[in-house]
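What follows draws every value from the coordinates through simple rules; no lab data is involved. Given the structure is predicted, the values throughout are model-derived calculations rather than measurements. Virtual Cβ from ideal backbone geometry, glycine too; neighbours counted across all protein chains shown.
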Amino acid sequence: MLFLPIKYFEAPEIKERVNELVDALDLFHVVPQHVYCFRSKGSKAGRTIARIHGMGKIWQEALNLPTYYVIEVISERYDEMSEEEQEKVLIHELLHIPRGFAGGFRPHKGYIDRKTVESLYRTLQKQRETKRRDASDPE
């Protein structure tokens, strides 16, 4: 059986959405310029839709670099989702970034669940609706 390597592509449209989410949801601990976004193709990761990668503390020290995170969306699954579900996936991945923004991760248990993601998504929708109303309100 021939295994083709996974391929990675920068995803500026995902980055734009992530930046919007960070701003809209007041995720003040996330440093947007240190979060990169990629789309992968060819992943064999079963049901995984997206994942987040952090730069471990040892690498930060060795290379004398600040913390960076990479959000990877797996094209074969992510691209087929509705815009709403895609945003929920990105919210989920952003929730893995801890308050200290130091390269580690928040676990699912106690921090990340469907209820939390849904609540943040509703907050996002309410905020967008308010902006739409304000924009169309001729003062």
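Below are the figures for this structure:
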read-out	value
Residues of type lysines that K126 reaches as a straight line, Cα spacing below 19 Å, ignoring anything fewer than 8 places off in the same chain	K88, K115
Under 5 Å, built H, 5+ apart or other chain: amide partners of Y36	Y69, V70, I71
Reciprocal of mean inverse Cα separation for the chain (Kirkwood radius, Å)	16.4 Å
Whole-angstrom gap from segment 5-29 to segment 110-132, using each part's C-alpha centre	16 Å
Calculated from backbone phi, Karplus (6.51, -1.76, 1.60) coupling profile of segment 83-99 in Hz, x at Gly/Pro	4, 4, 5, 4, 5, 5, 4, 5, 4, 4, 5, 5, 5, 6, 7, x, 4
Dipole of the chain, positive direction: furthest Cα of N19, F38, T48, with charges on the beta-carbon	T48
Label-point separation, K109 to L65 (7 Å along Cα→Cβ), nm	3.1 nm
Extreme residue, positive dipole direction of the chain, given options V73, A102, F28 (C-beta unit charges)	A102
Size of charge dipole - segment 15-139 - debye, nearest 20, with Cβ of Lys, Arg +1 and Asp, Glu -1, no other charges	560 debye
